[in-house]
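> Structure below; questions to follow.
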Protein chains: 2
Amino acid sequence: MTAVIPRKKKRDRILESSVPLFALRGYHGVSMRDIAAAIGLSPAALYYHFPDKEQLYIEVVAHAVRESAAMRKGIPNGLGSPWGRLEAFVAGYARLAATDRNFLRLLQWIFIDGDAERQQKLAEYVFRDLFLDVWGIVCELDSRLDPHMLVISIIGLVLFPCQTSSINRFMPGYRPQLENPEELARHVIDLLFGCLDAGKGATGSQNVAGKPLLNG
Amino acid sequence: MTAVIPRKKKRDRILESSVPLFALRGYHGVSMRDIAAAIGLSPAALYYHFPDKEQLYIEVVAHAVRESAAMRKGIPNGLGSPWGRLEAFVAGYARLAATDRNFLRLLQWIFIDGDAERQQKLAEYVFRDLFLDVWGIVCELDSRLDPHMLVISIIGLVLFPCQTSSINRFMPGYRPQLENPEELARHVIDLLFGCLDAGKGATGSQNVAGKPLLNG
DNA sequence: GTCTATATAAGGATAGAC
DNA sequence: GTCTATCCTTATATAGAC
């Protein structure tokens with residue numbers, strides 16, 4: 001053996017240290033110089049590992065997805081009733097969105113990407129798995145709501161508060177606890193299952209048979 | 001009178017033609033040369049009207065907000081029951097989000113802005129009014145859900161599908177009709193009021209007293 | 001594999017003529 | 001108010017030495 005075996009390929013280390021840069025400032029906001037400086041290389045060295053910035057960016061997103069895939073797989077997806085699975089999904093994804101800010105922000109950059117072709121390619125990487133996870137659950141819920149729209153609604157209910165959290169801070173009614181992923185998950189579950197019913201005179205705080213309630 | 005009175009100040013015309021540029025590509029993705037070319041000026045001329053690119057961008061967002069304010073004010077906000085007002089709000093905002101793509105995308109750019117100070121300033125311009133509109137309604141709903149979270153959920157239920165529409169196109173269950181603002185509004189209202197209840201054995205398709213149903 | 005040096009282009013901003 | 005011309009910086013990317 002010659003010296004220490006490199007823990008990771010340099011290529012992967014470049015991707016790793018690029019993730020937070022692109023997550024924060026997006027494709028146009030990060031230069032090859034920034035990336036090189038972050039890992040302590042000259043910009044020219046990057047071109048040994050990647051043909052151009054575009055390809056580097058795409059692989060950065062793919063890398064971030066693989067990294068978060070482990071956490072995603074920790075979210076139970078095949079057991080229990082559809083409602084239980086939905087509850088588990090919401091809780092798991094709320095935690096993921098709160099924990100892995102880079103993943104969350106990369107998603108935002110993909111949503112807003114002006115390059116339609118690149119956007120579609122990256123959406124296949126990232127968003128499709130997310131969508132299909134929820135799709136599988138929703139199809140068993142037998143709701144009268146359109147399943148496609150319901151999937152988007154559920155994902156949005158979890159992601160949107162996280163994506164706007166830096167702004168929500170300054171809006172009325174804000175409390176720091178609300179940024180807690182458990183708090184978010186409970187709210188989403190309450191909204192989806194309990195909705196705006198409880199607290200009204202007609203229905204009181206009764207729960208509908210067969211549906212879980214997290215709060216209380 | 002000397003010749004024709006200028007319909008609009010040149011300054012405003014610059015802002016107007018800049019809106020779609022920044023909406024599509026964001027702050028870093030648009031150059032002063034792009035803006036100058038779009039309106040048929042030399043880049044240098046822009047600096048007569050605006051001190052720098054940053055200030056121009058900020059005023060572009062402010063201008064877009066003023067433009068969409070007229071449409072926003074068309075959304076009824078002071079009459080009827082809270083439920084009816086919420087229904088009207090959702091319908092109005094779904095239409096606004098579907099109609100004014102520039103406004104929608106500028107909002108996205110603000111959400112993701114890496115410059116915290118600028119983000120906060122622009123959020124005050126744009127997001128605060130939106131938030132307060134819903135806040136006023138939600139506070140009267142007397143829901144057991146946290147009002148701050150509920151406001152964000154309602155806004156997200158309308159905006160998130162629009163912000164991801166270019167990606168949702170490729171997901172299962174997609175139908176072009178779903179992009180229709182009326183369809184979106186109905187879905188959101190159904191979800192908020194009817195939720196996942198209807199269609200289930202226990203509750204059947206009954207509606208809860210006092211709540212409007214748009215569909216059927 | 002990484003460097004220095006550099007080609008080439010694009011971008012923000014200013015000076016000064018008109 | 002707008003132009004031409006230009007400065008300076010930053011950016012992507014390549015060439016060739018080591």
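> Test residue B:123 against the stated conditions and say whether it is crowded, with 20+ Cβ neighbours inside 10 Å and at the interface with chain A (Cβ under 7 Å from one of its Cβ atoms).
yes
> Further, regarding this structure: Exactly one condition in (1) touching a residue at least 12 places away in the same chain (Cβ under 8 Å); (2) at the interface with chain A (Cβ under 10 Å from one of its Cβ atoms); (3) under 16 Å from residue B:155 (Cα atoms) is false for residue B:132; which is it?
(1)
> Please count how many residues of the stretch B:30-46 are near DNA strand C (Cβ under 8 Å from one of its atoms) and either free of Cβ contacts under 8 Å to residues at least 12 places away in the same chain or not assigned by TED's automatic domain parsing to the domain that holds residue B:13 (or both).
5
> Might you let me know whether the stretch A:32-42 holds any residue that is surrounded by 14 or more Cβ atoms within 10 Å (Cβ to Cβ) and not hydrophobic (A, V, I, L, M, F, W, C)?
Yes - at least one qualifying residue is present in the stretch A:32-42.
> Given the structure, is residue B:86 of a type in the set (A, V, I, L, M), over 30 Å from residue A:110 (Cβ atoms), out of contact with any Lys or Arg (no Cβ under 7 Å at 6 or more places or on another chain) and buried (at least 18 other Cβ atoms within 10 Å of the Cβ)?
Spelling it out, residue B:86 is indeed of a type in the set (A, V, I, L, M), over 30 Å from residue A:110 (Cβ atoms), out of contact with any Lys or Arg (no Cβ under 7 Å at 6 or more places or on another chain) and buried (at least 18 other Cβ atoms within 10 Å of the Cβ).
> Shifting gears a bit: I need every pair where a residue in the stretch A:167-187 that is more than 9 Å from chain B (Cβ to nearest Cβ) has its Cβ under 7 Å from the Cβ of a residue that is part of a loop (DSSP other than H, G, I, E, B), sequence separation at least 6 or different chains.
Every condition considered, the pairs that remain are A:186/A:214; A:186/A:215.
> Just need a number here: residues in the stretch A:126-166 that are surrounded by fewer than 20 Cβ atoms within 10 Å (Cβ to Cβ), outside any helix (DSSP H, G or I) and of a type in the set (A, V, I, L, M, F, W, C).
Number of matching residues: 0.
> Looking only at helices (runs of 4 or more DSSP H) that lie completely in the stretch A:1-59, which have at least 1 residues being modelled with pLDDT of 95 or more and within 14 Å of chain B (Cβ to nearest Cβ)?
A:10-29, A:32-39
> Looking at the stretch B:61-69, can you tell me whether even one residue there is touching a residue at least 60 places away in the same chain (Cβ under 8 Å), more than 9 Å from DNA strand C (Cβ to nearest atom) and within 14 Å of chain A (Cβ to nearest Cβ)?
Looking for residues that are touching a residue at least 60 places away in the same chain (Cβ under 8 Å), more than 9 Å from DNA strand C (Cβ to nearest atom) and within 14 Å of chain A (Cβ to nearest Cβ), one finds at least one in the stretch B:61-69, hence yes.
> In this structure, does residue B:109 turn out to be within 14 Å of chain A (Cβ to nearest Cβ), within 23 Å of residue A:170 (Cα to Cα) and in contact with a Pro (Cβ under 6 Å, 6 or more places away or on another chain)?
For residue B:109, the condition - within 14 Å of chain A (Cβ to nearest Cβ), within 23 Å of residue A:170 (Cα to Cα) and in contact with a Pro (Cβ under 6 Å, 6 or more places away or on another chain) - is not met.
> Considering only residues that are near DNA strand D (Cβ under 8 Å from one of its atoms) and not hydrophobic (A, V, I, L, M, F, W, C), which ones fall in the stretch A:30-46?
A:31, A:33, A:34, A:42, A:43
> Another one. Among residues belonging to the stretch B:143-158 that are at pLDDT 95 or above and at the interface with chain A (Cβ under 7 Å from one of its Cβ atoms), point out the one that is farthest from the chain's Cα centre (by Cα).
B:146
> Those residues that are more than 7 Å from DNA strand D (Cβ to nearest atom) and charged (D, E, K, R), I need them from the stretch A:47-68; list them, please.
A:59, A:66, A:67
> It is to be established whether one or more residues within the stretch B:72-82 are away from DNA strand C (no atom under 13 Å from the Cβ), over 30 Å from residue A:31 (Cβ atoms) and within 14 Å of chain A (Cβ to nearest Cβ).
Within the stretch B:72-82, one or more residues are away from DNA strand C (no atom under 13 Å from the Cβ), over 30 Å from residue A:31 (Cβ atoms) and within 14 Å of chain A (Cβ to nearest Cβ).
The values are calculated or read from the model by the stated rules, or taken from the named source; none is laboratory data. Just so you know, these numbers come straight off a predicted model, no measurement behind them. Every residue, glycine as well, gets a Cβ built from its backbone with ideal geometry; the counts of neighbours run over all protein chains shown.
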